[in-house]
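The values are calculated or read from the model by the stated rules, or taken from the named source; none is laboratory data. Computed from a prediction, not measured in an experiment: that's the story for all the values here. Quick reminder, even Gly has a Cβ in these numbers, built from the backbone with ideal geometry, and neighbours come from all protein chains shown. Side chains included, ligands, DNA and RNA excluded: accessible areas come from the protein's heavy atoms. Shrake-Rupley method; radii C 1.70, N 1.55, O 1.52, S 1.80 Å.
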Amino acid sequence: MSATPSSHPVTQRGMAVLNDPLLNKGTAFPWEERTALGLHGLLPPGIHTLEEQVAQAYENLMSETDMLDRHVHLRSIQDTNETLFYALMQKHLTELMPIVYTPGVGQACQEFSRIWQKPRGIFLSGADRGHMADRLAAIPNDNIRLVIVTDGERILGLGDLGANGMGIPIGKIALYTACAGVNPALMLPVTLDVGTDNATLRNDPTYIGSRSPRLKGQDYADFIEEFVTALLGRWPGCLLHWEDFAGRNAAPLLQRYRERLPSFNDDIQGTAGIATAAILSGLRAKEETLEQQCIAFAGGGAAGIGIAGLLLAAMKAEGLPQEEALKRFYIIDRNGLLTHDMDGLSEGQALFARKDETSRDGQGRTLKEVISQNHPTILIGVSGQAGLFKEGMIREMASYCTRPLIFPLSNPTSHVEATPMDILTWTAGRAIVSTGSPFTPVEINDRSITINQTNNSYIFPGLGLGALACGARSISERMIMAAAQAVADLSPLKTGGTTLLPPLENIQNVAMRVAHAVARQAQNEQLCPPLDDDALQEALSTLSWRPRYQPYRAA
Ligand SMILES: NC(=O)C1=CN([C@@H]2O[C@H](COP(=O)(O)OP(=O)(O)OC[C@H]3O[C@@H](n4cnc5c(N)ncnc54)[C@H](O)[C@@H]3O)[C@@H](O)[C@H]2O)C=CC1
Ligand SMILES: CC(=O)C(=O)O
Ligand SMILES: [Mg+2]
């Protein structure tokens, strides 16, 4: 075999090559590589190009009509041939993202035990306690740079799905590569199976997870500690992305570990970044400032408090003192408006709890009352509760605010607080609407209104890439703000367009701009070694990967 200088040395032979999704090319192996790697006879003789494979795979995929079937089909391509999977994803990103990501991944997690086919990533359960370092040692790849971890307790708005939550870190990894070009060989999805309190799952004979109740308190803390320590031992300096932990654990874990290793919580920080970007863009359209707003949240968990925290920082950066800025926030959780006298508030909730009123028997005012009495101009839904935004509330907002910003951000689609069609109908097309899951454009008053997806997928791929490229020791709030600003700067509204956020087709450009902004901010705060533009570019290239077949040679 005539090896080109850039050809990749392959030690495996025969089926071992075909069974490795990062190496496999399927029918695209050229004749000489089949000879060198012992593939003759294992493959049919026809040879196809990647473009031909993508076209065929797309046709096969589209012949499925059911969302879950399409998800399973795509995942099976990913588990067989990652180059083909990502080439297909990149070619049809807007169409395929809802299958791989929300809402498709929600259904996939609900059915994960039944659709599980091949190992991907690491499951760590109670039985692995005391042995986590050995479990991570079993992963042959010494160069994992990014780990996405969940404990499956709050999967989208679907609640505790236990080990079935693994669909989420797998989906997030797919987006790191499809959106930011991060090399899939550098990433690992992890599920911490600390049990589940979902009795239906525990009694389901097909369930793949452990059937014990969730670890709590010190047991839970010890489990996480062992995992992080094992991670640091196996892949020092790797970036840890926390995903879909329940609100009561999300912020404390982030605080506990954010200085021990570079880490971020996507539901808190990624969501804060994109919601802030979308709000800043919406206010630009209205020619108003943040300071002029009154902001109501339905849901004061990880996402709600995360978004509120970044908006508070943005108001302070505009020169508003904290006490003044806090008056603009109304956080309505399951027991109503958060007030300072309520029991069991988290640290973040306590900051935003109203100081100027008290609850009655632990119950605060309802969302409806806050809307009619305090006239919020921005309403954010991060409650996971379908249909929470009622017609009367939205009509009332439209009665005192010409263009309210209404963002029902809960995922998946079935859990949205109100559909864009309803919100636009109730506000005669005047609301600026953005959702967490994708929706088709709404036709109203002879206009077609595009519904932007305010989803952390605009932030985390570039955030992770930028933090890794610059070698950030930790991830600061200002780095998240820089990411938000980078997305807001790309808003089509800035250049005469009508949408809040850049279209998904441009997501790779968005991710690259976010990565640069994050790396620059890390340098400004001296959270990474000094790095000039050339060195940053070089580091970004080292992490990046394109779905193209590389020539191979036998090693
Ligand atoms: N668009 C996006 O990028 C993102 C969307 N989300 C979505 O936001 C939702 C919440 O996520 P997290 O904040 O991480 O979960 P979480 O569990 O930390 O918080 C949810 C909060 O909603 C509250 N809640 C429940 N019922 C309520 C009601 N009737 N009224 C008001 N509040 C109520 C809960 O008490 C809890 O505090 C999920 O559906 C998730 O999919 C989360 C992260 C990113
Ligand atoms: C998008 C996301 O991270 C969530 O819904 O949890
Ligand atoms: Mg999430």
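With respect to (1) more than 13 Å from ligand 1 (Cβ to nearest atom); (2) open to solvent by 10 Å² or more (accessible area, probe 1.4 Å), the lone exception for Pro252 is condition (1). Cβ-Cβ contacts under 6 Å between residues 6 or more apart (or on different chains), taken from a first residue in the range 428-441 that is touching a residue at least 60 places away in the same chain (Cβ under 8 Å) to a second residue that is more than 12 Å from ligand 2 (Cβ to nearest atom) and in a strand (DSSP E or B), are listed as Ile432/Leu405; Ser434/Phe407; Ser434/Asn452.
Which residue is surrounded by the most Cβ atoms within 10 Å (Cβ to Cβ), if the candidates are limited to the range 163-205 and must be among the hydrophobic types (A, V, I, L, M, F, W, C) and over 20 Å from the mean Cα position of the chain (by Cα)?
To start, the set of residues in the range 163-205 that are among the hydrophobic types (A, V, I, L, M, F, W, C) comprises 163, 166, 168, 170, 173-175, 178-180, 182, 185-188, 190, 192, 194, 199, 201.
From what's left, over 20 Å from the mean Cα position of the chain (by Cα): 194, 199, 201.
Numbers: Val194: 27, Ala199: 11, Leu201: 21.
That would be Val194.
Within the range 31-48, the set of residues being of a type in the set (Gly, Ala, Ser) and exposed (fewer than 13 other Cβ atoms within 10 Å of the Cβ) comprises Gly41, Gly46.
Among the listed residues Lys118, Lys91, which satisfies the condition of being closer than 24 Å to Leu540 by Cα and not aromatic (Phe, Trp, Tyr)?
On the way: Lys118 fails: closer than 24 Å to Leu540 by Cα.
That would be Lys91, the only listed residue that is closer than 24 Å to Leu540 by Cα and not aromatic (Phe, Trp, Tyr).
Contact map, the range 52-67: residues that are modelled with pLDDT under 95 paired with residues that are in a loop (DSSP other than H, G, I, E, B) and open to solvent by less than 60 Å² (accessible area, probe 1.4 Å), Cβ distance under 6 Å, separation 6+ or inter-chain. No pairs are found.
Exactly one residue out of Gly466, Gly497, Gly471, Gly462 is open to solvent by less than 10 Å² (accessible area, probe 1.4 Å), of a type outside the set (Lys, Arg) and away from ligand 1 (no atom under 16 Å from the Cβ): that is Gly466.
Considering only residues of the range 242-266 that are of a type in the set (Gly, Ala, Ser) and not in a loop (DSSP other than H, G, I, E, B), which is nearest to ligand 3 (Cβ to nearest atom)?
Taking the range 242-266 and keeping what is of a type in the set (Gly, Ala, Ser), we get 246-247, 250-251, 263.
Then drop every residue that is not not in a loop (DSSP other than H, G, I, E, B), which leaves 247, 250-251, 263.
Details: Gly247: 12, Ala250: 10, Ala251: 14, Ser263: 15 Å.
Among them, the one singled out is Ala250.
Close Cβ contacts (under 8 Å, 6 or more residues apart or on different chains) running from residues in the range 448-477 that are free of Cβ contacts under 8 Å to residues at least 24 places away in the same chain to residues that are more than 9 Å from ligand 1 (Cβ to nearest atom) and not in a helix (DSSP H, G or I) comprise Ser448/Pro441; Ser448/Val442.
Check the range 225-243 and report whether any residue there is closer than 19 Å to Gly348 by Cα and not assigned by TED's automatic domain parsing to the domain that holds Gly466. Looking for residues that are closer than 19 Å to Gly348 by Cα and not assigned by TED's automatic domain parsing to the domain that holds Gly466, one finds at least one in the range 225-243, hence yes. The set of residues in the range 358-414 being within 16 Å of ligand 2 (Cβ to nearest atom) and among the hydrophobic types (A, V, I, L, M, F, W, C) consists of Ile380, Val382, Ala386, Leu388, Phe407, Leu409.
Yes/no per residue for (1) assigned by TED's automatic domain parsing to the domain that holds Met393; (2) within 20 Å of Leu388 (Cβ to Cβ); (3) within 14 Å of ligand 1 (Cβ to nearest atom); (4) at pLDDT below 95:
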| site | (1), (2), (3), (4) |
| --- | --- |
| Leu338 | yes, yes, yes, no |
| Gly348 | yes, no, yes, no |
| Asp361 | yes, no, no, yes |
| Gly364 | yes, yes, yes, no |
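Remark: Arg70 matches the filter, which requires a residue to be outside the structural domain of Ser544 (by TED's automatic domain parsing), among the charged types (D, E, K, R) and within 21 Å of Pro412 (Cβ to Cβ). The set of residues in the range 374-389 that are of a type outside the set (Val, Ile, Thr) and either outside any helix (DSSP H, G or I) or over 19 Å from Glu291 (Cα atoms) (or both) comprises His375, Pro376, Leu379, Gly381, Ser383, Gly384, Gln385, Ala386, Gly387, Leu388, Phe389.
Would you confirm whether any residue within the range 57-71 is crowded, with 17+ Cβ neighbours inside 10 Å and either among the polar types (S, T, N, Q) or in contact with a strand residue (DSSP E or B) (Cβ under 6 Å, 6 or more places away or on another chain) (or both)? Among the residues of the range 57-71, not one is crowded, with 17+ Cβ neighbours inside 10 Å and either among the polar types (S, T, N, Q) or in contact with a strand residue (DSSP E or B) (Cβ under 6 Å, 6 or more places away or on another chain) (or both), which makes the answer no.
Filtering Arg135, Arg154, Arg129, Arg145 for residues that are among the basic types (Lys, Arg), more than 24 Å from Pro213 (Cβ to Cβ) and either away from ligand 1 (no atom under 16 Å from the Cβ) or in the same structural domain as Asp222 (by TED's automatic domain parsing) (or both) leaves a single hit, Arg145.
Checking each residue in the range 9-30 for being small (Gly, Ala, Ser) and open to solvent by less than 40 Å² (accessible area, probe 1.4 Å) picks out Gly14, Gly26, Ala28.
Could you tell me whether any residue of the range 309-318 is in a strand (DSSP E or B) and either without any contact (Cβ under 8 Å) to a residue 40 or more places away in the chain or within 16 Å of ligand 3 (Cβ to nearest atom) (or both)? So that I can check it myself, show each step before the final result.
If we filter the range 309-318 for residues that are in a strand (DSSP E or B), which is where we start, we get none.
No, there is no match, as no residue in the range 309-318 is in a strand (DSSP E or B) and either without any contact (Cβ under 8 Å) to a residue 40 or more places away in the chain or within 16 Å of ligand 3 (Cβ to nearest atom) (or both).
For the range 355-373, the set of residues classified as outside any loop (DSSP other than H, G, I, E, B) and basic (Lys, Arg) consists of Arg360, Lys368, listed by residue number.
For every residue, the table says whether it meets (1) within 14 Å of ligand 1 (Cβ to nearest atom); (2) open to solvent by 50 Å² or more (accessible area, probe 1.4 Å).
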site	(1), (2)
Ala428	no, yes
Val433	yes, no
Val442	no, no
Gln453	yes, no
Tyr458	yes, no
